[in-house]
Amino acid sequence: MTVSEPHPDPHHARRWLILLVIGVAQLMVVLDATIVNVALPSAQAALEFSDDGRQWVVNGYALAFGSLLLLGGRIGDLFGRKRVFIVGLLGFAVASALGGAAQSFGLLVTARALQGVFGALLAPAALSLLTTTFTDPDERAKAFGIYGAVAVGGAAVGLLLGGVLTEYLSWRWCLYVNLVIAIPAAFAALPLLHHEVPVVKPRLDIPGTVTATTGLFGIVYGLANAQTEGWSDAITVGMLVAGVVLLAVFAAIQRRSPNPLLPLHVVVDRDRGGALLAMGLAGIGLFGVFLFLTYYLQQSLGFTPVQTGLAFLPMTFTIIIGATLGSTLLLPRLGPRPLVGAGMLAAAAGMLALTGVGVDTEYATHVLPGLLIVGAGMGLVFSSAMATATFGVEDADAGVASAMVNTTQQVGGAIGVALLSTLAATTVTNDLAGRAQDPALLAQAAVHGYTTAFWWATAIFAGGAVVCTALITSRSRLSAAHRGEPQLAHL
């Protein structure tokens, strides 16, 4: 083992401007995980697709994004992060324009999948640029606090922006708005970022790429298929089993590959592994709840799209507060372990509060308290987990380590949407079986489906608090770096 030494960085002098551009790009990527949620009822009415189809508008993006992130991260490492970052931005803009102009359900889902493809290039390049640009521990904490607030708060901002655009313009502007973000960001990145390509380029791990991508796709598709076809359906079972087997094969390939897509030392470290697990579990609980709470507010409480977006705004503020305080004040002193544990427990408490909603309950008494608590908890989790998961990684692996952060979050979100949608749909079906379906019963069954999802999210967060706290060490290298203690490079 050798002592890590900082490498000169051509981005250092303009690091805060680079953070601004990276933050804008990350905001766009996160916005698109939720901005379409508020627009879904309007898009569904305009394009006349079924309730079963609406999850594919969400998961079409998440499937492509999550399954290709590892490849996108390695492409950035191999061919230069500036180039990949800009290609990702411009490709995302083109895909968004295609989706905004879609006149059919199939074209809309295709465009969302293309957004995911280019997002898989963009997101790891952005985070790896941030990781390699900010090397001072104090500045790094501030940068990751801002990035973490954008990464989580952007999801809630997406709901508000989606509501405003849907109500006053059209649901299509929830996709067109990306052109206004992506194109200026790409032009700003051209003079700010320095093009760096490794002198020695290892070959791309094709077997690892194929098994990782198809394995992740199989798991998420299997979960999504269970909503419409059931858990015993041959396709559901086959895709889930195939996904697990392919990921096991992927792990075996990575052990033997001279140029692994995912060097296993990046994930087997306890601190990094615990942080990545926290990102994935948080994604499972959080992204599914955004979907269900959106439908609850609009269809059960009668909120307009704008009112729905405003209803999520308080959570954005608590996310920003939690992420900022966590990364700048608490993380350097306490390390990530207590922050991840406390954040997960807070999110579980907030979700537990949401299980009390009913057909005619008040937002202020039954929804707002839960949102505030969930937001504070997620701010702590995401800011500390992101910093921990990317700390101490060699520059050559920065892209793939950053990709793992995004992969766990996005695949977790896709699994959350698919799994919780399936559980909620099963609850509704059981409630309505053999009964006369009058409007009151339909409304009650729908709310019962939402609260079932909230109960499962509560359990996921509570379990995550236990497991992640057990994995992450009490004195992490990250907190030691803030105290000025020497750090050893990873083997």
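What follows draws every value from the coordinates through simple rules; no lab data is involved. Since this is a predicted model, take the numbers as computed values, not measurements. Here the Cβ is made from the backbone with ideal geometry for all residues, glycine too, and neighbour counts use every protein chain on show.
Observations, loosely collected:
- Across the stretch 277-286, coupling constants 3J(HN,Hα) worked out from phi with the 6.51/-1.76/1.60 Karplus curve, θ = phi - 60°, read 4, 4, 4, x, 5, 5, x, 4, x, 7 Hz, and Gly and Pro carry x.
- The chain: relative contact order in percent, alpha carbon pairs under 8 Å with at least 6 residues between: 24 percent
- Solution diffusion estimate, µm²/s, Stokes-Einstein, the stretch 86-173, Kirkwood Rh from C-alpha pairs, 37 °C, viscosity 0.692 mPa s: 220 µm²/s
- Charge context of Gln299, other residues only, Cβ under 14 angstrom, K/R +1, D/E -1: -1
- J(HN,Hα) series, the stretch 321-336, from Karplus relation 6.51 cos²θ - 1.76 cosθ + 1.60, nearest Hz, glycine and proline x: 5, x, 5, 5, 5, x, 7, 8, 9, 8, 4, x, 8, 9, x, x
- J(HN,Hα) series, the stretch 444-457, from Karplus relation 6.51 cos²θ - 1.76 cosθ + 1.60, nearest Hz, glycine and proline x: 5, 5, 4, 5, 4, x, 4, 5, 4, 4, 5, 4, 5, 4
- Rounded tilt (10° steps) of 105-133 against the dominant C-alpha axis of the chain: 30 degrees
- Positive-pole candidate from Gly273, Ala323, Trp231, dipole of the chain, charges at beta carbon: Gly273
- Note on the chain: helix-only mean residue ellipticity at 222 nm, from DSSP H runs of 4+ residues weighted -39500 (n - 2.57) and normalised by residue number, equals -27500 deg cm²/dmol.
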